[in-house]
1. Take the residue pairs LYS204/LYS247; LYS228/LYS308; LYS86/LYS204 and return only those whose Cα atoms are more than 22 Å apart.
2. Which of TYR243, TYR142 comes first, and how do the rest follow, when ranked by fewest Cβ neighbours within 10 Å?
3. Which FRET efficiency value, to the nearest 0.05, do you get for ARG109 and GLU288 by plugging their Cβ-Cβ distance into 1/(1 + (r/R0)^6) with R0 = 51 Å?
4. What FRET efficiency comes out for VAL138 versus GLN306 if R0 is 41 angstrom and r is the Cβ-Cβ distance? Round to the nearest 0.05.
5. Suppose we take every Cα in the range 265-311 and form the convex hull; what volume per residue is that in Å³?
6. So how far apart, in nm, are the two label points at GLU218 and ASP237 if each is 7 Å from Cα heading toward Cβ?
Amino acid sequence: QTKELRQAKKEVPTDGPAESSDEPKEQSRESCHQSSQGGHQDTVRPQKQGLCSTGADKRKTDVRQLRPQTAQLVEVLQQTESAVIKIANKDWREQVPIPSTLELSEFVRLQCMLGEQLVFHLVQWVKHLPFFTQLSSVEHTYILKTKWLELLLLCTVTQAMHFRQKSLGGSSGGGGSSTNTEVGLSFELCAHQNLLTLQECMNKTLDLQLDMDVFREEMGDVVEKITKLAASFRTLDIKRNEYLLLKVIVLLNQSNGGPGDQIKDVQEPYILALRDYCEANSQTHRCEEVLSQLRELHTCTMLLLQSKLLYMPYLLNAIAGSSTEVPKTN
């Protein structure tokens, strides 16, 4: 196991330039904490509410029995995600509808409110993670300050992966009926459409008339990079449980300026769990392919931080609702 941990640790790109009851949840977290410190490696079938029984991961290829550590880790992450989603949905229902146009002062106020909600939900998510008590308050603060945008972008491109652009087409029977069909856009058209959507949102909300040439010069590279990342996630067909594991890996993936090796040690069981999950579906090299996206994710995050932050919520919303599907060619 030590050999596997060291090997997995080397393969993760760094940031550098190169619904259940409380009792079962606590039991799962305790078991997960114990397994991350070591333990037996016997293979068992995942629990009924565990890895292979929810969402898009219910596939016929899930035939190999998973390590208990993998099943425990993912089950806790599923419970954590569900708890935070419930909190977010409650906050969303209590929000006042936003008018079509805003004064700048009102826009800034709403942006601050949105930022506070994002931070609150992120903190709630981290507090529910099984390793929360293993890290110091300094480490908690550090990873939240350095990783919040990367996690938000990861969520955005994963959301975009499941979007399909609908096109209305008439039937050939001449009856006038119409059907919805899925349309795949070329990468260039998809990036351009995202840029147009971003411009339209900005113009409508702030009553602006942004020049497209200037706008493209400011945001074109950012939109193109994030569109490409979303397209890569869609090509890989990232599964829900892979996404949950990736979130933790991204949170704990630190550069040389991090607070120490403790965070990296906490990260390693999640890397092994991702590898085990990929290999369970007879995809030997998939783990490396998935982890290879982290460097591009970090690059996109840096571009976002260097851009005008005024655009950020609109950009993420445009990408999340975009079609990143490139049509197949014969």
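Read the figures in this text as sums done on the coordinates, not as results from a lab. Values in this document were obtained by computation on a predicted structure and should not be read as measured data. Note: ideal-geometry Cβ built from the backbone for every residue, glycine included; neighbour counts use all protein chains shown.
1. From LYS204/LYS247; LYS228/LYS308; LYS86/LYS204, over 22 Å: LYS204/LYS247; LYS86/LYS204.
2. By the 10 Å Cβ count, ascending, the order reads TYR142, TYR243.
3. 0.70
4. About 0.95, to the nearest 0.05.
5. In the range 265-311, the Cα convex hull volume per residue is 99 Å³.
6. Reported label-point gap for GLU218 and ASP237 is 4.0 nm.
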